[in-house]
1. For the stretch B:60-66, what does the Karplus curve 6.51 cos²θ - 1.76 cosθ + 1.60, with θ = phi - 60°, yield as ³J(HN,Hα) per residue in whole Hz, taken in order and with x for Gly and Pro?
2. With all pairs of different alpha carbon atoms counted, what Kirkwood hydrodynamic radius in Å does chain B show?
3. Provide a whole-number value for the mean count of partner chain Cβ atoms within 10 Å of the Cβ atoms in peptide B:41-51.
4. Just from the alpha-carbon atoms, what are the Rg and Dmax of the stretch A:382-552 in angstroms?
5. Find how much the distance from residue B:38 to residue B:18 grows on full extension, using 0.36 nm per residue of separation minus their present alpha carbon separation; answer in nm with one decimal.
6. At q = 0.12, 0.18, 0.19 Å⁻¹, what log₁₀ I(q)/I(0) does the stretch A:178-319 have when each alpha carbon counts as one equal point scatterer in the Debye sum?
7. Straight-line reach only, C-alpha to C-alpha below 19 angstrom: list the lysines that residue A:529 could link to, leaving out same-chain residues fewer than 8 apart.
8. Taking a quarter of the surface of the convex hull around the Cα atoms of the stretch B:22-104, what do you get in nm²?
Amino acid sequence: MNKAQSETGRREMTGAEMVVQALIDNGVKHIFGYPGGAVLPIYDELFQQEEVQHILVRHEQGAGHAAEGYARSTGKAGVMLVTSGPGATNAVTPLQDALMDSIPLVCITGQVPTSLIGSDAFQECDTVGITRPCTKHNWLVKDVNELAGILHEAFHIATTGRPGPVVVDVPKDIQFARGIYTPPQTAPRTSYQPKMQGDLEAIKAAVALMATAKRPVIYTGGGVINSGPEASHLLRELVDLTGFPITSTLMGLGAYPASGRKWLGMLGMHGTYEANMAMHDCDVMLCLGARFDDRITGRINAFSPNSKKIHVDIDPSSINKNVRADVPIIGDVGRVLEDMVRLWRATVRQDKSALHPWFEQIERWRARDCLAYRPNDDVIMPQYAIQRLYEATKDRDTYITTEVGQHQMWAAQHYGFEKPNRWMTSGGLGTMGYGLPAALGVQIAHPEALVIDIAGDASVQMTIQEMSAAVQFDAPIKIFILNNQYMGMVRQWQQLLHGNRLSHSYTEAMPDFVKLAEAYGGHGIRCEKPGELDDAIAEMIEVRKPVLFDCRVATLANCFPMIPSGKAHNEMLLPDEATDEAVANAIDAKGRELV
Amino acid sequence: MNAQLQPTGSAYFIASETEKPVTHTLSVLVDNEPGVLARVIGLFSGRGYNIDSLTVSETEHEKHLSRITIVTRGTPHVLEQIRHQLERIVPVHRVVDLSVVAQERGQDRPLERELAMVKVSGTGDDRVEALRLADAFRAQVIDANTEHFIFEITGRVSKIEQFIAIMKPLGLVEVCRTGVAAMNRGPEGM
């Protein structure tokens, strides 16, 4: 090493050292991983340093979801480290999950030595081939001198533009080889230049359109969260300025506070009546960082038929993909909101009373009380359980993760989120088993916070092994299981679409979650009576250990309101209308033809 | 029986496509790095887009840039999606829909050329006729002995299709085609 090299940060080292050095230089404090033959040199380096803490999971999928939870709750990249072959293939589910929900995730995989690639070697798989469609970009490193540059580029691509997962596949001989390490530089490749600033003329047109709106609605998504806390702040400012009502996708909850006066609740398939009706009847729709997913739009040709649509997204391919935008704006939501707020202040003289009839209409929809359910003194209703959990935790520093299914929708409906980055859920991919490892990741990032996974009895069993990791790393995550002994959402669809033939959606051999918690070295709680729920939740919060909370809820409760298949926003099935007969006939012959 | 009484439902909303598909030619400028072609092809198969023809070669050696020419079919809406999805690929520099550019400039379509090698074997009248027709199509003889010719023909896709069809009864043995290379008319680059 010569003097010039040391001054610029260029140093000679092994590939394995470079991996650890690159993590440090990119500000990484924690990584989630599982060792194996093809990553042993990197694990050896991790052993000999203290700047990066490694969290040992029990399955690579757990490492991925933990890194996703870490990323979602901090706004930084989540990092996972796994071995070749099965280590890499087990990472595929969280990679696709992160791709669909735009989560910055850096996955480093070991690979068999370069000379053995293509020979069907032990624990070999075509990692870059397998992960190509489920990453934003990926690399196979063939020269140790390119390793550092690739790792820095990987962090850059994962965290900028529309964030997403990346994979760096490092063969074992590259980990041993010596080469020159280069520190991170700000010279991104010319072919990758995400557009951050929105076109000012388009933003002016958007503001002009918004100023004329009689029945406006703001529809926000995960893009607002991804853009950073400033974007959520600006969103609140815009809502205050314009007085527009606002709804959000599942991924966007918390960007605008649920206690806010203009809040309509979540929209979409299990969204509120008022949110979906407002979407259907609006005359101007401002979509911020959301992508008109099929769970949001319902029947696409009946989606908000009379509105002008303004669509702000950092990804040009999201615009006009499912729904035509009248005013497309490509850029970072935060930057666009900044311009929008400024232009509104400078140019719009608004008569707020013009919105009164619209809000009167919204209040009539709200009066339908679409989230109502029949309380029960003997059995815990799942909605009630979420409401009590919310009351017990709302004044604390709380983070919520979920699995996927009915419990997830009830959590989104009944838990009020006041801040961004407090809600971690698998939206796009719908990955059962996401919530428990995600909670682990969140807890590692926020050791003092209260981290709760609102789970279902089926989902939680998909990654329950990470209880062991939580115990090992003193992560006192609370797994609040709404146990109805069914795959509730599967059953609900079978009731709606398949003549109530409940094919394999009932779990007949449920583990004893209390004993299971104790077996892992955690704490188990069971609650079966509504009257005992508050005390049991208090116990769960107090215990400084991972907790499995077996909350026995009404077994046959279903998730309403709901937009049945082939229906539009204004054809929701409301809970008080959801008799057995209505459920069985919710999807008429016409709706079935759409299939 | 159940299937009749209870038509199968779906958790998805499926709407039928109403627009008519059209054929467009795209030029894609990419970094010539490992896996870049797989990314492009994987995008088409993964998202259910069509590829009628695909050619690729490094065109700027110093910058390691390759130019991919893709002929694809889809509704205008799908073609717009294809362009944007291609632009998301990290090593992709530019995507130009040559057909759209041609239309904007008041031209029917971009310049498109393909090269084919056509092997024909035969004797007697067929052989004479093959050679006569090749001359009419301005095809070159690039290999021959007393029993066969290999013709090299360059031109629009329709011309090559026509030439191959004519050679069929005259002893066509095999054909190899490059796929379409294309650019727009006029002084401007892509």
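1. 10, 5, 5, 8, 6, 9, 10
2. Result for chain B, one decimal place: 19.5 Å.
3. Taking the mean over all residues of the peptide, I get 1.
4. 15.1, 48
5. Difference between extended and current length: 4.1 nm.
6. -0.51, -1.04, -1.15
7. none
8. Average projection, Cα convex hull of the stretch B:22-104: 5.2 nm².
The values are calculated or read from the model by the stated rules, or taken from the named source; none is laboratory data. Since the model is a prediction, treat every value here as computed from it, not as a measurement. Counting neighbours? That spans all protein chains shown, and the Cβs are built from the backbone with ideal geometry, glycine included. Areas reflect the complete protein model, heavy atoms only, side chains present, ligands, DNA and RNA absent. Shrake-Rupley method; radii C 1.70, N 1.55, O 1.52, S 1.80 Å.
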